[in-house]
Every structure is written in structure tokens, then in C-alpha cells.
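Below is one structure; the comments refer to it alone.
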There are 6 protein chains.
Amino acid sequence: MPLSPETRDKLKRVSTATLATALYKRGFRTQFIQDVKPLHPLTESMVGEAYTLRYMPAREDLNQLTVFRDPSHPQRKAVEECPPGAVLVMDSRKDPRAASAGGILVTRLMMRGVAGVVTDGGFRDAAEIATLSMPAFHSRPSAPTNLTLHQAIDINVPIGCGDAPVFPGDVVVGDNDGVIIIPAHLADEIAAEATEMTAYEDFVTERVRSGHTIRGLYPATDGANLKEFAAWRAKNGR
Amino acid sequence: MPLSPETRDKLKRVSTATLATALYKRGFRTQFIQDVKPLHPLTESMVGEAYTLRYMPAREDLNQLTVFRDPSHPQRKAVEECPPGAVLVMDSRKDPRAASAGGILVTRLMMRGVAGVVTDGGFRDAAEIATLSMPAFHSRPSAPTNLTLHQAIDINVPIGCGDAPVFPGDVVVGDNDGVIIIPAHLADEIAAEATEMTAYEDFVTERVRSGHTIRGLYPATDGANLKEFAAWRAKNGR
Amino acid sequence: MPLSPETRDKLKRVSTATLATALYKRGFRTQFIQDVKPLHPLTESMVGEAYTLRYMPAREDLNQLTVFRDPSHPQRKAVEECPPGAVLVMDSRKDPRAASAGGILVTRLMMRGVAGVVTDGGFRDAAEIATLSMPAFHSRPSAPTNLTLHQAIDINVPIGCGDAPVFPGDVVVGDNDGVIIIPAHLADEIAAEATEMTAYEDFVTERVRSGHTIRGLYPATDGANLKEFAAWRAKNGR
Amino acid sequence: MPLSPETRDKLKRVSTATLATALYKRGFRTQFIQDVKPLHPLTESMVGEAYTLRYMPAREDLNQLTVFRDPSHPQRKAVEECPPGAVLVMDSRKDPRAASAGGILVTRLMMRGVAGVVTDGGFRDAAEIATLSMPAFHSRPSAPTNLTLHQAIDINVPIGCGDAPVFPGDVVVGDNDGVIIIPAHLADEIAAEATEMTAYEDFVTERVRSGHTIRGLYPATDGANLKEFAAWRAKNGR
Amino acid sequence: MPLSPETRDKLKRVSTATLATALYKRGFRTQFIQDVKPLHPLTESMVGEAYTLRYMPAREDLNQLTVFRDPSHPQRKAVEECPPGAVLVMDSRKDPRAASAGGILVTRLMMRGVAGVVTDGGFRDAAEIATLSMPAFHSRPSAPTNLTLHQAIDINVPIGCGDAPVFPGDVVVGDNDGVIIIPAHLADEIAAEATEMTAYEDFVTERVRSGHTIRGLYPATDGANLKEFAAWRAKNGR
Amino acid sequence: MPLSPETRDKLKRVSTATLATALYKRGFRTQFIQDVKPLHPLTESMVGEAYTLRYMPAREDLNQLTVFRDPSHPQRKAVEECPPGAVLVMDSRKDPRAASAGGILVTRLMMRGVAGVVTDGGFRDAAEIATLSMPAFHSRPSAPTNLTLHQAIDINVPIGCGDAPVFPGDVVVGDNDGVIIIPAHLADEIAAEATEMTAYEDFVTERVRSGHTIRGLYPATDGANLKEFAAWRAKNGR
């Protein structure tokens, strides 16, 4: 069930807050990745299918600098093999005391057409990464090499990231609030519903900015507001 | 004992750091709300009387999305009833894993003339809130709806916020360092003293920037500095 | 073993990430100060020898505001005696609930030619400090006076800062990722090696930005890349 | 809807683990009070309706030792008015750095016939409380008087305790795993179901102790096990 | 490289503290599982090869109670397939807010001859598990079913447990201080060395208990102590 | 101002809870060492003057096992030089991930007549230490050698321990609730007052156990209770 271009487009224009509510309606409470933020502000949402990298605690004898000479080292392999359009999501066990990756690897991901990168740890060279066009999310900057604490061990297995469950192929959406994971089978339905919700929220925002009370409007318990909304949609082509 | 316009004006021009010291002199050590920050930098301090909202942990059966249809839902009621000029302070039990409020509600508070909003949790739509002129303070952005973890339960009762005690009517002051709570009965006295302190601190800063040692100057153990200060005040009309 | 101007210059042009790797190669895993960030973005790295201030938990009777009238109070003494070119590093026991210092003291440090200031607690007047040219690093802004929780007790003794060991005279380097401590006796050697590493990383970054894979390039397991690097160095004068 | 003697009796003989599963089936995931333990091991479960005490952060001027001279001080009032058979549940904001109560007050609760006491903070005189027959649950011992950090502010309002929602009248059950809160309207139904579940679990435990696999037995996907269970019930009168 | 009976026997008689020092000599600093304790005091050390279970954060739709009806559910499968003599080590992401397992499953492990069970989360039915002869280690008791927060996802892959790296087949040793992981290829060598160290430590303890200084004795910088030790070994047959 | 035998005797018979209240009356709120517990239950309070050991984060090159061969290593020196009757208090920066000391060193302290030992980290060989008659307090057991994370750096300087300020010579009192620090100059006065308070508390406890309300009794706002207390003192010789 690959992510359709239509759904990808819709998701680029909705917020993680709206998606969180749509997921909440369906009983999902833990899909938001806790405590990560974008390294630069986003103007449209990051969207892509999850491609995962799992770190475990590093054992000293297995994590000398020479391990990077092996082209099959999972971190390096993930960087070269994460599909274009996907988002690389790293399970760093919520530990930003050592880096999950740095400027060179993140640049390589960007050049390869990857849609974004997320870790519940931290990136080194954070200021450099912040200048890249590809979105990156982390907990905080962290200079030490990943080998100090993290051993890359698995590629594209189900992981946890910031206490959210992430399965390969789930749809990852990130904006300035953070990152949320949409179960793959719900992506189309959630994208459609969130698009509708966004239209109404934009209408509400416009009304509130012009002085309207939220009573009866948000949510729309007063039918008059629904009528106004219909007119607004027609007028604004939404 | 409503907040007088004079005291409000004075407080807009003093820092939370100076207020913290004035409170410390009177034995208050815990009035600073820990770990909140403004969503956009402030150029003058946020000032207003505290109007409070208390959240408790959400019980699933009482927190379906439909609860917002009830106009007496405490969160929605607080947003519509917080007095103009007041600051809405939310006790989110220091838990930013779900939102305390979002862009529409905060916009509504701004439109109603509220002076600011503070939570020891997080706001959703944080980037949008950051564009509003009304100050907002939180711990970090958080997309999930408040229903996920927080149940609004009480309006305008004494609460804790970021480990600080907040009583309705206390005077809330916020700047780029964070937010501090002045017990209502001390507001005039603290505002007056902090205004005096600020004059001296501005004098000291000017002197230090021109190369003066802090010895004898900060604090003013050398009487010569007090004389210079008197001259400075005269000259600067302070 | 004072820090030579040559080594200081080299260190200004390398990142804490590169230094962390050079230290890691020599078995150092804990030299990065955890969870501090600069109050304003840096364009070159902060460099200086460590001059330390140790705080212990404040006992109420020993920390009235009057203590600052004593010119030998360790915090004030440190601010007047930290050598020009050094970095003042404060052990605030990772507790930002009260300030480690404020705008006036940090300004005085800058005026005295100090190279920077670091605390694993927080600064008050953070927005003001952020406008100074001298780098300052902390965990988060904090308005309460240091007396609330911190008692300055020792100057220039070995300390911990953000879980890193800091000995007086160690070389402190800070950039946008944070701050790292180079043991004094290794400063020259680490600076030289990091300078070489930086040249190669700049070459790699350039290559990756033009679409090159990291395989064989980072690290340089393919000899062809080393040849290209030699040409690049010649051409770029590095 | 007072707690019936039948339901109370049933609940004394089931575990919080079994109750947690029965609640989970109905969509309740957060009713377990996190991180509290009994001061002495229990041989039957503590059961009672919740009577609550809410603490907020202490403001210094309102929390001098003299406040206890006021018989309407909420902590003292709660101790004298919590109904016999109820459980006093305290919201100490998960902060055990100062006590929630001590030996004398807990003894008074016991003498008054209260069924138990729970705080998500700590008790002072913990060793003495551990000798009482009435169950008490806390996070860890804590000698400082509650006035140091906690101000008792409300009696019998909805609270949070260890991240669980607690409404007055909810049914509180505690055993050696900790404490769980049953929404009042579900107490009879949950007690009945948990009693049935306990019978089956006891049967399973007996079988497993005699070497039986859990496959087909736990849960009972193999019908033969249900037949054996029926026989076991008949034989054991359960 | 299966664990030899000789090495197993040696390891049963040495402490995790001694093993930690032997590992430290070889550069291993993170093999101790942080913050777990035995549910009952041990009189000899638990020893066995690691068999692992990995949990990820639970997604609500995949963790209904019915999942346990599937005999291939990884938690249930691990309980039935963990080899006799091995130790089941669970990666619960250091989260004891929901159980990792309960009394019935742990009893089944014991009946199957498993050597012990470790989680960096918590067990439900902890008081019952504490009565079993098989050692069990956790962080704290936790009544909620694992489905509440943990989804069992992988069996016998490399994991983290309490920040320690655990590879299937590593040798797990537990005592009253906690649990340590010996890399498989070092088990014989570490067991031999720790046995020697233990002999010397027992000699030292005896000497210290009779009033001897530790100077020159611990470590044995005074040759006379080594001579006494030789005599002690001869006399005590060690 | 050495600790007099009379004051030492009084302090052995009062609780840390009572001492905390006596200190609170004098404005001391942070003298209780947070989050430490005795390794075995105490029947009388541990009392002694503080002799301190300060740890800083360990730098790898300075913390090889060979450092213990140096008799002036601060940890070993402290163990041999802590005066009989004193309490060795260790500042382990609240980090129990590596040990502060182990069975042999603690036994040596006991043999030398030291009154007790306290760390805000953890002890290795905790089960063995628990069998010694000398009280020991820590946060939790920890097998790794102190060299892994802690470098002993200073003896008998002012330190923090569990967020409490500890000056050499302060009086340390420990019981089953934990450990509290009495400023040296207040020891006699606090001991005397706490002895009086304890008499009244014992009277109150007796009354409450016989069914008396706490109203008017605790505190004694009803004069009749003071009269009864006077009679009780006479009868019980207190």
C-alpha cells in the first residue's frame, strides 16, 4: 500500500495537530513522537513513508571508529538505501547524549531525495543541518559520535521513536509542532478527513480573528455556522 | 484589590529577574514558574491578574471529542470568560505530552483582550500562536488534543504551575526569562521597589559597559557610586 | 602549559563534533557538556582555558542578599578574576531552577576580555546576554537569583559541568552543538588532528553536495577519494 | 452509589493486576497510580471509596507552622472527616521531597476506621506507619514537614494521583503491586468480572505449577481446558 | 560457544561487583543493567545465557486482549521457547508503567527450567513472583497488562536493557546488586579471573574485619599481604 | 565546636522528621538529603559530624584501576582518615550508575569506629553492607566500580548531597526516613528542642492510639491537653 501522490499532497497541507485529533477519534493516543522539534521552521509539512533504523546501547569493543569502514554498517547502509520520498526514522532510545547522525549523512539523505529524517536523540553539526532544505527533527544538538552510546543494529524493523510506535511504511508527517505517525492502512482516510477538518479550522480561525465567539462555532453546535461555512467554502474554493 | 493601572505600567518595564530578587528579599523562593518560555520574544513584559484553569489526568470515558459540544466545558468556558487584561494560567501538571490549548483558543483569548496565557504543558499550533501579538508561554509544542491526557476540571481555583503556587488574582509577569507570580497583596510594593532596582541596574549596566568594575558598584558598597547614581537619575529623568 | 595562539586559532575553526571524534579515538567519551546551548548562534567556535566556579546547594542563613556586599564572595570574585581569554565554567549541579549569573556579571566578564561563560544551570536576563558578543552557554533561562538554590563555594577547582569533568586549564571549545572539554595536555595534538579532519570533512561535504555517495568516501576506504582529496587540498590551499 | 458490602468483599480478594485487565477491556488505561508502594506487605487488598485531599505548591507566607493551629486547615480537617471505610487519596503532585503526612495523622485515620491512605508523595515516620494495621501507600519516605513544599488546599475534589484520575467516590483498591482506581459506576461490574477472572487465574496457576503449558490454557483457546476448569470450580467450590 | 558447566558454576559464586571490575579492566563500562533489583534476595548468583524479548510502544489497534489467543504472540512464544538454563531478558524501554509479564508467565518459565528473568520495566503479581525459587529482576511492580504500553515484537535479537547492550547468548549474572551482562566470548576468561579476585576479596574482608588497614592490602601494594594471602589460600583450600 | 556527648545522645533518640520541623521553624528547608535510604532498618538514629568526600565526573585516563595503588587516592584516604564517631558523607552528584564504595571499604569504616556512611549515589556489595552494624545510606545498589563514573577529588570540603548543603562538622542524623543535616552551630539547640518535641509527640501518639481526636491536641491549642501532658511527663519521667 504505497503512499499515493494525492494523499502525500493532502498531508503536506494539514497540521500534526489536526492529524492527532483525527487519530484520536479512532482510538490512537500515542502516535505523536514526544519531544522532537525541527532544526529549521517548516512552511509545509514533511511527509513520507517510514524507513527505520534501530540503535541499541553501544558495546565498546564493537564500536571503534573503524566500524564505519564496513559499507554494511547499518547506519551508513540506511543512509544509502532509504528510498527517495521516505522519511528515515531512528530509534535512539530517547538518548541525545550522543549523536544519531551528523551533517554529512543528513546531506547525503537530502541529495538522495529522502523526504526527511527524525531521531528521538540528537544530531551533531546541527547548525549545518538547519541550513539544509530537507526537514530534520531531533531532541537537541549532540556533538559526540553515535558510537559513544548508540550501536546501529537493525534496518526497517518496527521501532519506538519518542514513545510512538513506528512500523516501516507508516506515514510520517512533521511540522513545527513535531512529528506524528499515521498507520499505513489509515493514511488515505486520515488525509481526507484532516483536509476537511483543516478547511473548517481555517474558517473558524478567520471568524475568531474577526471577533466571533467560539461558542457554537468550535465545535459547530450552532447550525448557522455550518451554513456560513458552506458559503465560505464556495467562496474560497475549498 | 484589583491591579492598578500604575502598577501594571511599572511591571511592564521591569524584568522577572528583578522581581524574583524583590520577592526573595521577602522570603519568596518559589514564585517563578519553572521551565516555560515565550513562543515569541517579548519587548515589554506581559502583565495581568491570574485567572486559572486546572487540568487533572484524563479519564477516557469522560474525554471523547464530543465533550467540546458542551459550552460549559471548563476549557472552553475559561477561554470565553477569562477577563480582559488578565492572564490565563493553566495547571497542566507539567505534562506537555498533550496540548493545553491550540491556535484557535489562544486567538480567541487575544481577541477578547486577555493579556496572555501560560501553561506548564504545551500548546499545539505553536508556530501559529507565535505569530500572535498576545504573549503565550509553554514548555514545548505538543500536537495531541488536550483530551488525550488532560481533563479540564476547575476554573479560577488556586493551582500549581511549573511548581509555583498561583492564586486567582495574583499578578503574573512574563518576559524572555519566563513567568513569575507576585502575591496580589504585594503587587504595588513589589512594582515600586522593582522600578527603583531597575533604575540602579540600568545605571550599573551602563557603567559596566564602559569598563567599570562591579566591586563597590554592584551592590553599591562604595558610596561614590550612589552619588554618581543620583547624578545619573537626575540626568536621565529616572 | 598555556594555550598557544596557534592552537587557539586552530580550535576556533573546528567543530565540537570533530573534536568529540578526535577525543573518542583516544578513549574519551564524557568530555561533552550535556544539555547546554549558546544564547546566540556562533560563527566561530568559542575557545579558552577553563577557569571554574563551583556551586553547592544554598543554605538559607548563608545566602541572604547581603552576601554580595562581600567583595570576596566567590561568584563576584570569579567574575573579576577570571583571566582574559579564559572561559568561566560553572558547576551548577545541572540545576537551572535558579540563575547561575545575570546580565551585569556576564557583561563584566565580556568587558574584561573573557572568552566565554558556561553553566550547566541557567542565566537570568538571558535575552540581554544573547545580545552580547561574548558567547554564553546554559541549559535554559532562569530568573531567580542564584542565592535561591546555589551557593558559590570554590574558585578554580576541578568540577563537573553537564556530567563532563573540567579541570582548571583544560581547553574549552563551544559552538552551536554545545561545549566540549579538551584535557590540557592534549590540546595541541587534538587541535592539529581536528584541523586535518576538518579539511577532509569539508572535502567530503562538497562531494556529497554534488551527489557523491558516502560509500568509500566517508571514511575513505576507496583510495581514489584520497587522491581527489590531495588535489582538493592543493587547489584550496588547505 | 455507595460501595456495597458484597462488592467490597469481592474486591478484597482480587488483585490490582486482574482489575487492571478488566478495566483495560473497557478502554481504561490510566487508572493505575504510578510509582506508589505499600509501607508494609498486604495479605488482603485495601478497598474503599476515594476521599481526596489536594495539595498545591506551598507559598512561604501561608505555610508557617502556626497554620496547624487552625482546625479547618484542610490536611487536618481531611484526617478528621474522611469517612470510616473510605481511602484518603492525596494529590501531592508526585513530589516526595516533603511529606504528605506523618505517623500521628495516619494513626488517627486508622483509629477512625479509615480503610487506607495513599499519596503520590511520601510519608514521614514511615517506619512507624509501617507497623500500623491500616494500609498506607507512598512513593518513598520523606522527613520534611508538608509545609515545606505542599499546601493543602481542597478536600474531596477530583484530583490526579500518580497520573491516575481520581474522583471522590471512585473505588480504590491496593495490593502489593500498588493502587488502582475503579470508576464508581463500574465497581459492581468490575468486581464481579474480576472475581470470575481470579478463579480462572487460580486454576491456571495450579495447572502451570504442575507443569502444564500455557498454550491453549492462558487464554483458554483449547476447549478441553474450560472443561477441566468447570470440574475444578465444582471441586473447589468457586 | 555454549556456556560451560564449569563457567556457570564459577559465576554462581562471584558477585556482579567483582564481574563489573573485571569487565572494566577490559574497557567495558556499560554492561551493568541500570535500576533493576531482584524480587527476592538471592543466596547464589543467577547465571544463564541471554534469550531476549524486545518490546516496542504499543499501538492500540494491535494490542487488544484477543492477541494473546495467538500462540505465536512473541511474549507467549518467548515464555514457551526460552531454553532451560537461559535467562529471559526483556527490553521494556525502561518503562515500568505497564507490566512486562506476570505471575503465571514467570511461573511457567520457572517450571520450564529457565534460570531467571529480567526486565527493565516491571512485573505484575510481584508479591507472588517473589515467592518463586527462580530469580526475577525488575524496576518496580506494575499492575497494568503489558498491552497497555508494550507490544512484544521480536525474539532473540540484540536489545538494550537498562542501558546495557544485550546480545543473545551473552552470559547474564544477577545478584542482590543487580544484573550484569558478560559478552559471550569473554565468559570463561572473566569467570576465571573473577574467581581469583573473589578469593582475594574474601581474604581482604577477613583481614579488615579483624582490624587491618586497607593500606597496602587493597590493592596489595605491600608484598607481605600477598604472602599472607598465599598462606590463607592454602589453609582455606581456595 | 565539637559535638558534645549529651547532644549526640539526644539526637540518637529523635527522628529526622522532628528535626526537619525544628529546622523548618528556623527557616531551613533543604537540609534533608533527598532520595537516600538505609541499607538495613535502624533502631536508633545514626549521629555524627560530617566528614566529606567529593566526587566529580571521571575522566577515563585518570581513572584506571591502578589509581588505587596510590595510598593518597582521596577515596581510600577518606576511608582511613574519617574520624571515629563521624559520618562520611559522599557527594556522588546523585548518580547511582556507578558505586560510591563497596563492602570492604564500608567494613573498614565500621572497624575504625566511624558512625555511618552516606552517599547520594549507590553502594556495591549492598547485601553485605546491609549485614554490618554501622548504618549506611544510599540511593540504590550499584555494582560498577566508582572509577566508571566518579573521580574522588576532595576531602572534607563543603559539598552537596542529595540536594542538601553539607559542611564539614555539620551534624548528620539518619533514621529510617533518611538523613538530615544540622548546621554545626545549631546542633545543641536543635537537639534540645527536638527532645522536647519528641516527648510531646510520644504523648500525642499515645492519646491518638487510645482514640483521641487530633483537634486541640496536635498542635496543643486546647490548654487541657497541656495539663494532661504535664501529668504524663511526670508519670513517665520525661
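The values are calculated or read from the model by the stated rules, or taken from the named source; none is laboratory data. Because the structure is a prediction, the values reported are computed rather than measured. Positions of Cβ are generated from backbone atoms using ideal geometry, with glycine treated the same way; all protein chains shown enter the neighbour counts.
Points to keep in mind about this one:
- Taken over segment A:56-100, residues that are touching a Phe, Trp or Tyr at 6+ places or on another chain (Cβ under 7 Å) and aromatic (F, W, Y) amount to 0.
- Among residues of segment A:51-81 being among the aromatic types (F, W, Y) and out of contact with any Cys (no Cβ under 8 Å at 6 or more places or on another chain), the one that is modelled with the highest pLDDT is A:Y55.
- Per-region count, segment E:27-58, residues out of contact with any helix residue (DSSP H, G or I) (no Cβ under 7 Å at 6 or more places or on another chain), part of a loop (DSSP other than H, G, I, E, B) and surrounded by fewer than 24 Cβ atoms within 10 Å (Cβ to Cβ): 6
- Pairs with Cβ under 8 Å, 6+ apart, first in segment B:198-222 and touching a residue at least 60 places away in the same chain (Cβ under 8 Å), second in a loop (DSSP other than H, G, I, E, B): B:T198/B:R13; B:T198/B:V14; B:T198/B:S15
- Within segment F:186-219, the only residue that satisfies the criterion of being under 14 Å from D:I104 (Cβ atoms) and under 19 Å from the mean Cα position of the chain (by Cα) is F:T198.
- When segment F:40-52 is filtered for residues that are away from chain C (no Cβ under 14 Å) and under 30 Å from C:A164 (Cα atoms), only F:Y51 remains.
- Criterion: more than 20 Å from B:R238 (Cα to Cα), in contact with a Lys or Arg (Cβ under 8 Å, 6 or more places away or on another chain), in contact (Cβ under 8 Å) with a residue 12 or more places away in the chain and not hydrophobic (A, V, I, L, M, F, W, C) - qualifying residue of B:T21, B:T52, B:T30: B:T30
- Any hit, segment A:173-196, residues being closer than 30 Å to A:A234 by Cα, of a type in the set (S, T, Y) and within 12 Å of chain B (Cβ to nearest Cβ): no
- Some residue of segment D:96-110 being among the charged types (D, E, K, R), more than 14 Å from chain F (Cβ to nearest Cβ) and in contact (Cβ under 8 Å) with a residue 12 or more places away in the chain: no
- Residue in segment A:147-160 that is nearest to the other protein chains (Cβ to nearest Cβ), counting only those that are assigned to a loop (DSSP other than H, G, I, E, B) and buried (at least 22 other Cβ atoms within 10 Å of the Cβ): A:P158
- Strands (runs of 3 or more DSSP E) contained in segment F:161-236 and holding at least 1 residues of a type in the set (D, E), in contact with a strand residue (DSSP E or B) (Cβ under 8 Å, 6 or more places away or on another chain) and crowded, with 17+ Cβ neighbours inside 10 Å: F:171-175
- Some residue of segment F:17-26 being away from chain D (no Cβ under 14 Å), among the hydrophobic types (A, V, I, L, M, F, W, C) and either out of contact with any Gly (no Cβ under 7 Å at 6 or more places or on another chain) or in a helix (DSSP H, G or I) (or both): no
- Conditions (1) closer than 30 Å to F:Q31 by Cα; (2) among the aliphatic types (A, V, I, L, M); (3) buried (at least 24 other Cβ atoms within 10 Å of the Cβ); number of the one not met by D:A17: (1)
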